[in-house]
Structures are given as structure tokens and as C-alpha cells.
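Presented below is the structure to which this report refers.
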Amino acid sequence: MALRNVNFNPGPAALPLDVLKAVQAEMLDCQGTGISILESSHRSKEFEAINDAAISLVREVLGLGADYHVLFLGGGASTQFATVPMNFVGDGQVAAYVDTGEFASKAMKECQTIAKVHVAFSSKGEKYRRMPAMSDIIYPKDAAYLHVCSNNTIEGTQFQEFPKTGSVPLVADMSSDIASRRLDFTQFSLIYAGAQKNLGPAGVTLVVIRDEFLAKARTGLPTIFSYKTHTDSKSLYNTPPVFGVYVMKLVLEWIKAQGGLAGVEAVNRAKKDLLYAAIDAAPDFYKGAADKAGRSWMNITMRLPSEEMENKFISDAKKAGLLGLKGHRSVGGIRFSIYNAVSVDDIRKTVAFMDAFRKAA
Ligand SMILES: Cc1ncc(COP(=O)(O)O)c(C=O)c1O
């Protein structure tokens, strides 16, 4: 088998090897059709079965009932930044946003192009290093919704609990931590997530919407931007990201085989504990970039004593088969994106590399 490196890319990111092998095995002949999934019609009965199975798996893995619609859309999470306010902010209404990072801020700015925004909390002035306490999040009780980004991919911070919003619908961008831990997903009225971190390849975005919330959606929007168009057609109004849905179904089956979210959560906990312990054990050399209380389980950010040393860390790591460690261009430093498909063994290897690198520096 070809050499497999440890993939710390922030997204598109590591996929489970078993899933890649299943894709490879079926690439030329998808389920006895004699054609590839890449060549298959989205109107075929084979794709319909894949689509239906993927919808059921999303509900099963996230613990959602039939009162949630499950959509597989194109356009990335960034399209949802605009589609959410287009559908859900009524005339004269305000939407509330929690500004905890670059993507949270992008979502908020997109809303500002079409509606009035209330900033419920912002840590921008602190370079997004910290997450809010629940009591820091303040918003009008008649807001159209409260939007949060559950995991800040660039800064390496994450919500460990979510505001209890009562009658205000809670909306979450979960692009970088969906399906990585157990959560009560029913506290959200709408969740969206680009697939390219924990769920599959780039090109498909998962959206789940509670029926009761959907009932409040605006009408009269351009057809393609209306959630109702997609909920009425099981995401088959136009050509969906067929390959992405197919791979997402395989990834969801893999998650189930790991023991569901309880299983992946246990592995993710072990991974982040190992990595943060390695950082904290050498505080004169490795410095966690995020405030400890808000640390992410998925994107672990750190600085070294100099940029030069960081660049050497990245290039030496690459030689050791550890790829994708450069921090986002807006913050610099090192970022380990340790999504579901990264194993505990991968992290052990990384911790050994960090130890050797520090001793040699
Ligand atoms: C939390 C979060 N939201 C949104 C996005 C944007 O996603 P996309 O590139 O699919 O539009 C990303 C991309 O990394 C992200 O991490």
C-alpha cells in the first residue's frame, strides 16, 4: 500500500482509511451498476437509496427525530452564512450573533448585508483567544435567532456548552466539530456544516432544520435560496453533490462502527488530552494560543519561541510524515487539526516528534 502520512490539514482533511478503501473498491462499479458513482444520475434508484440512507444516518448519529429536515447542499458553509438570514430574518427583525472567530465574524457580516445584526458577544478585541461564559451572551428576546460557531477552526476555541435561548431559535455553524462528540443536537433549530472536516469531501454541506423553525421561513425568495425548495425535494431540486453525499454516507457508517458519537468522543478526548499535555509540559517552548478554558478538541493552536522555529517545526514535521501543521495565515503559528479520522496513534507519533524537536532545538 502507498505510504500514508498523518494528515493535520484543517479542511479538506483526513478521511478514515476504511472509507477511502471502500470508495476505491467501488470506484469503477458502484453497487453492481457497472458505472462509477461519479457517472451516476442523481435521479437513479441507486442514488436515491444512497441519499435516503445518508439522511437516516444523519438523524441516527446526531440523535435527531423526524421533526428535523436533513439537507445536502452545494456552495459550502459560506453559502449558509447568507441563506440563513435570507430565510429567517423577517422585516424589521434583528438577528443576534456571537462573534468568537473569523468564521463567526464572516457569518455575521454576511447577515449585515441583508438584515440588522445584534452582536451578542465579541472577543475580537482579544484576538478571539477566549470563549464567552454563558452569562456574557446578551441578545434581545425577540431576535430572529442566535447564531453561534461551535468550533473556531482558525483560532482553536470551542463551545463546551451552549446558551439556553428559550424561545429564540439557536443556529450553529458546526463545520469543524460536527459529529465529534455527544451533544444534545435538539437544542438547535438549525445546524450547518461543510463536510470537508468530519463528514466527507469538500463540495457538500449538511444542513439540518427543525420543522417548527422552517415553518417561519420567508417566502418569495429566489427558488434556490429557499430552504423549503430543498426540504420539499430531499435536496434533489437540482443536481446535488452526488459524490459528496455518497462519501458522507460511508463516513457516517464508519462513525457508527466506532460506537457512534460516544465512541468518537472517547477517541477525540484521548487525542486532545495527549496533545495539550505535551504543549503544557514544555511551557517555555510550546505555548497554547487559545485561552485554556476555551480550548478546542478539534483544532489545537500553539506558538513556538520564534517564527523561524515555527517554520522549522513545520518543515521537519513534514519530513517525519506529519502534514498540514501551518497555522492559518491570519494568526500564524502551528495548528493541529485532529478531526475524527486522525487516530490516537497518530497523536502519539506527533507527541514523540514534539519532544525530540524541542530537545534538539
Ligand atoms: C467553522 C467554519 N465555518 C465556515 C467555513 C467555511 O466553509 P466553506 O469553505 O465550506 O464555505 C469553515 C471553513 O473552514 C469553517 O471552519
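General remarks:
- Looking only at residues of region 183-207 that are over 23 Å from LYS272 (Cα atoms) and assigned to a loop (DSSP other than H, G, I, E, B), we find that the one that is farthest from the ligand (Cβ to nearest atom) is SER189.
- Hey, LYS271 in a helix (DSSP H, G or I) and either among the polar types (S, T, N, Q) or more than 14 Å from ILE338 (Cβ to Cβ) (or both) or not: no
- Restricting attention to region 168-182 and to residues that are touching a residue at least 40 places away in the same chain (Cβ under 8 Å), buried (at least 22 other Cβ atoms within 10 Å of the Cβ) and closer than 18 Å to TYR145 by Cβ, the residue that is farthest from the ligand (Cβ to nearest atom) turns out to be VAL171.
- Pair list, Cβ under 6 Å, 6 or more apart: region 129-155 residue within 16 Å of the ligand (Cβ to nearest atom), other residue open to solvent by 10 Å² or more (accessible area, probe 1.4 Å) and aromatic (Phe, Trp, Tyr): CYS149/PHE103; GLU155/TYR128
- Where ASP18 falls short, out of the listed (1) of a type outside the set (A, V, I, L, M, F, W, C); (2) more than 16 Å from the ligand (Cβ to nearest atom); (3) more than 24 Å from PRO240 (Cα to Cα); (4) not in a helix (DSSP H, G or I): (4)
- MET108 falls short on exactly one of the conditions (1) without any contact (Cβ under 8 Å) to a residue 40 or more places away in the chain; (2) buried (at least 24 other Cβ atoms within 10 Å of the Cβ); (3) in contact with a helix residue (DSSP H, G or I) (Cβ under 9 Å, 6 or more places away or on another chain), and that condition is (2).
- The set of residues in region 62-85 that are more than 16 Å from the ligand (Cβ to nearest atom), under 29 Å from MET108 (Cβ atoms) and touching a Lys or Arg at 6+ places or on another chain (Cβ under 9 Å) comprises GLY63, LEU64, ASP67, TYR68, HIS69, VAL70.
- Condition met for THR100 (more than 19 Å from ALA217 (Cβ to Cβ), β-branched (Val, Ile, Thr), within 16 Å of the ligand (Cβ to nearest atom) and open to solvent by less than 30 Å² (accessible area, probe 1.4 Å)): yes
- Qualifying residue in region 45-54 (condition: open to solvent by less than 10 Å² (accessible area, probe 1.4 Å), assigned to a helix (DSSP H, G or I), within 16 Å of the ligand (Cβ to nearest atom) and at pLDDT 95 or above): no
- Among the residues of region 23-43, the one identified as crowded, with 16+ Cβ neighbours inside 10 Å and small (Gly, Ala, Ser) is SER40.
- Annotation note: of LEU250, LEU236, the sole residue that is open to solvent by less than 60 Å² (accessible area, probe 1.4 Å), under 20 Å from the mean Cα position of the chain (by Cα) and closer than 30 Å to ALA25 by Cα is LEU250.
The values are calculated or read from the model by the stated rules, or taken from the named source; none is laboratory data. Just so it is clear, the model here is predicted, and its values are computed rather than measured. Glycine also receives a Cβ, built like all others from the backbone with ideal geometry; neighbour counts cover every protein chain displayed. Protein only, heavy atoms only, side chains kept; ligands, DNA and RNA dropped before computing areas. Shrake-Rupley method; radii C 1.70, N 1.55, O 1.52, S 1.80 Å.
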